[in-house]
1. Using the structure shown, decide if Asp112 is over 25 Å from Ser158 (Cβ atoms) and surrounded by fewer than 19 Cβ atoms within 10 Å (Cβ to Cβ).
2. From the list Pro182, Pro161, Pro176, exactly one residue is assigned to a loop (DSSP other than H, G, I, E, B) and buried (at least 16 other Cβ atoms within 10 Å of the Cβ). Which is it?
3. Need a quick list: helices (runs of 4 or more DSSP H) entirely within the range 78-153 having at least 3 residues that are under 14 Å from the mean Cα position of the chain (by Cα) and closer than 18 Å to Val55 by Cβ.
4. For the range 27-70: of the residues being more than 22 Å from Cys132 (Cα to Cα), part of a loop (DSSP other than H, G, I, E, B) and among the small types (Gly, Ala, Ser), which is modelled with the highest pLDDT?
5. Against the definition (of a type in the set (S, T, N, Q), free of Cβ contacts under 8 Å to residues at least 40 places away in the same chain and open to solvent by less than 50 Å² (accessible area, probe 1.4 Å)), how does Ser94 come out, yes or no?
6. For Pro127, only one of the following conditions fails: (1) open to solvent by 20 Å² or more (accessible area, probe 1.4 Å); (2) more than 22 Å from Leu162 (Cα to Cα); (3) not acidic (Asp, Glu). What is its number?
7. Give the residue, chosen from Val100, Val75, Val56, that is open to solvent by less than 40 Å² (accessible area, probe 1.4 Å), more than 19 Å from Met20 (Cα to Cα) and not aromatic (Phe, Trp, Tyr).
8. Which residue pairs have Cβ atoms under 6 Å apart, sit 6 or more places apart or on different chains, and have a first residue in the range 134-163 that is free of Cβ contacts under 8 Å to residues at least 24 places away in the same chain and closer than 18 Å to Leu99 by Cα and a second that is polar (S, T, N, Q) and surrounded by 14 or more Cβ atoms within 10 Å (Cβ to Cβ)?
Amino acid sequence: GPIGVGHGKTGLDFMAASVMPGCRVAALLVPPGLVEQLVAEYLAWSEHFSVPSIVVPSAGGVPERGWVRPGRPVVHVVSYARFSRAESTDLLESLAPDLVVADEAHALRCRDSARTRRALRYFAAHPSARLCAWSGTLTARSVADVAHLAAFALGDGSPLPLDPAEVAAWASVLAPSDWPAPAG
């Protein structure tokens, strides 16, 4: 979903697991600079709402932190920086999330990046896993930036084509270009 700056993505990040039917484990992908903001908002929300459990990995000398809420889904916070490193190749497999939440999902728009390929492999291997992806800037220049995310998040309900060749055809017509493909 296209959600602007300051419009509530951080709250959705951890609450999505609570409202997704059958969710037991979620992986939350966030930019590294948002981890501490996420923790602060989580603690503030937990004073008033029934929030899920959350696990924040160690980073920068801060040990792993977690707030366990028995009987509630567990949200594992993973920074995109960590997800991009070679040792994270099987990270999603080891967490086995029912749900992946991608905050600032434009970080997954490049299908050739290691982190995007890791996410796509996971969804291909686990078709029952669900994806929530939000950003204020989902696309850079082309529908191809977001078609793969829409496919995994919405399946047959995606407003964009599911077939990569058809996505490329749409992009050749819709994307800014000095030589756009003709309509039709």
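The values are calculated or read from the model by the stated rules, or taken from the named source; none is laboratory data. This one's a predicted model, so the numbers in the text were calculated from it and none came from an experiment. Cβ: placed from backbone, ideal geometry, glycine included. Neighbour counts: every protein chain shown. Heads up: the accessible areas ignore ligands, DNA and RNA and are worked out on the full protein's heavy atoms, side chains in. Shrake-Rupley method; radii C 1.70, N 1.55, O 1.52, S 1.80 Å.
1. Numbers: over 25 Å from Ser158 (Cβ atoms): no; surrounded by fewer than 19 Cβ atoms within 10 Å (Cβ to Cβ): yes.
Here the answer is no, as Asp112 does not meet what is asked.
2. Checking each option against the conditions leaves just Pro161.
3. Where helices (runs of 4 or more DSSP H) fall fully within the range 78-153 and carry at least 3 residues being under 14 Å from the mean Cα position of the chain (by Cα) and closer than 18 Å to Val55 by Cβ, they are 80-84.
4. Ser58
5. In short, no.
6. (2)
7. Result of the check over Val100, Val75, Val56: Val56.
8. Pairs that qualify, where the first residue is free of Cβ contacts under 8 Å to residues at least 24 places away in the same chain and closer than 18 Å to Leu99 by Cα and the partner is polar (S, T, N, Q) and surrounded by 14 or more Cβ atoms within 10 Å (Cβ to Cβ), are Ala150/Ser158; Ala151/Ser158.
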